[in-house]
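Participant: Here you go, one structure.
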Amino acid sequence: MPEEIEVPTEHLHEQIEHSLEHSQESWIMKVALTAALLSVLAAITALFAGHYANEAMIEQIQASDQWSFYQAKGIKAAVLENKMDLLKQLGKETAPEDTRNAERYREEQKEIKKEASEKQEGSGRYLHRHNALAKGVTLFQISIAICAISALTRRKWLWYGSILTGIAGIILVYFLL
């Protein structure tokens, strides 16, 4: 009876374990790089979201200033018109410059109203952009958290899920802007 050939398996087990460890380390590196890239996207998106929020606030303040100016012109016109009505009731002549000023105030009000409305619309557009970017930041943050969970649990499907969530964030930001 021939002797059985003994194959040294210790070395084979060590190679398999080393190969698995290297594969795991390589995969963890990819997860870490994905998380880093998502963090950069989140930071840039958050920066733009903050910028648009600030611009929306500035435009709204400017619109509010214009509406105050509009009201002031309206008050001036109303005071002049009341003065002219009172003078007419007393049988006195109104000054031609009062009539011109009252008309000028009403005309100026139209222009001020137009500018105030434009500022309000601009504020709304900036706020819309801010909201879209804020949603994108949220998706990027969720994606980063899923990356961390995938690395801790060593579940590749979670990593793929984090990549898909990050892509969803990119698409959301791109299409909502």
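The values are calculated or read from the model by the stated rules, or taken from the named source; none is laboratory data. These numbers come from a predicted model, not from an experiment. When we count neighbours, we look across all protein chains shown, and the Cβ atoms used for this are built from the backbone with ideal geometry, even at glycine.
Participant: If only one of GLN62, GLN66, GLN71 is surrounded by fewer than 15 Cβ atoms within 10 Å (Cβ to Cβ) and assigned to a helix (DSSP H, G or I), which one is it?
Facilitator: Exactly one of GLN62, GLN66, GLN71 is surrounded by fewer than 15 Cβ atoms within 10 Å (Cβ to Cβ) and assigned to a helix (DSSP H, G or I), namely GLN71.
Participant: Exactly one condition in (1) small (Gly, Ala, Ser); (2) without any contact (Cβ under 8 Å) to a residue 60 or more places away in the chain; (3) surrounded by fewer than 17 Cβ atoms within 10 Å (Cβ to Cβ); (4) assigned to a helix (DSSP H, G or I) is false for GLY124; which is it?
Facilitator: Condition not satisfied by GLY124: (2).
Participant: Condition check: β-branched (Val, Ile, Thr), surrounded by 12 or more Cβ atoms within 10 Å (Cβ to Cβ), on the phi < 0 side of the Ramachandran plot and within 38 Å of the chain's Cα centre (by Cα). Does THR99 satisfy that? Explain how you work it out, then say what you get.
Facilitator: Numbers: β-branched (Val, Ile, Thr): yes; surrounded by 12 or more Cβ atoms within 10 Å (Cβ to Cβ): yes; on the phi < 0 side of the Ramachandran plot: yes; within 38 Å of the chain's Cα centre (by Cα): no.
Criteria not met by THR99.
Participant: I'd like to verify a number: residues in region 51-79 that are among the small types (Gly, Ala, Ser), out of contact with any His (no Cβ under 7 Å at 6 or more places or on another chain) and in contact (Cβ under 8 Å) with a residue 60 or more places away in the chain, how many?
Facilitator: So in region 51-79, the residues among the small types (Gly, Ala, Ser) come out as 53, 56, 63-64, 68, 72, 74, 77-78.
Right, trim to out of contact with any His (no Cβ under 7 Å at 6 or more places or on another chain) and you get 63-64, 68, 72, 74, 77-78.
So of that shortlist, the ones also in contact (Cβ under 8 Å) with a residue 60 or more places away in the chain come out as 63.
Number satisfying all stated conditions: 1.
Participant: State which residue is farthest from ILE171 (Cα to Cα) when the search covers only region 30-56 and only residues that are buried (at least 16 other Cβ atoms within 10 Å of the Cβ) and of a type in the set (Gly, Ala, Ser).
Facilitator: That would be ALA56.
Participant: Going by the conditions given, is GLU55 among the charged types (D, E, K, R) and assigned to a helix (DSSP H, G or I)?
Facilitator: Values: among the charged types (D, E, K, R): yes; assigned to a helix (DSSP H, G or I): yes.
So GLU55 fits the description; yes.
Participant: What do you reckon, is ILE149 in a helix (DSSP H, G or I), within 27 Å of the chain's Cα centre (by Cα), farther than 30 Å from ALA53 by Cα and modelled with pLDDT of 95 or more? Steps first, answer last, please.
Facilitator: Working: in a helix (DSSP H, G or I): yes; within 27 Å of the chain's Cα centre (by Cα): yes; farther than 30 Å from ALA53 by Cα: yes; modelled with pLDDT of 95 or more: yes.
The answer is yes for ILE149.
Participant: Can I ask one more? Every residue in region 75-100 that is assigned to a helix (DSSP H, G or I) and in contact with a helix residue (DSSP H, G or I) (Cβ under 6 Å, 6 or more places away or on another chain), please.
Facilitator: First, the residues of region 75-100 that are assigned to a helix (DSSP H, G or I): 75-89, 96-100.
Scanning region 75-100 gives LYS76, ALA77, LEU80, GLU81, MET84, ASP98.
Participant: Kindly indicate the residue of region 127-145 that is buried (at least 19 other Cβ atoms within 10 Å of the Cβ) and in contact with a Phe, Trp or Tyr (Cβ under 8 Å, 6 or more places away or on another chain) and also nearest to GLY50 (Cα to Cα) among those meeting that condition.
Facilitator: Looking at the filtered set, the residue picked out is HIS130.
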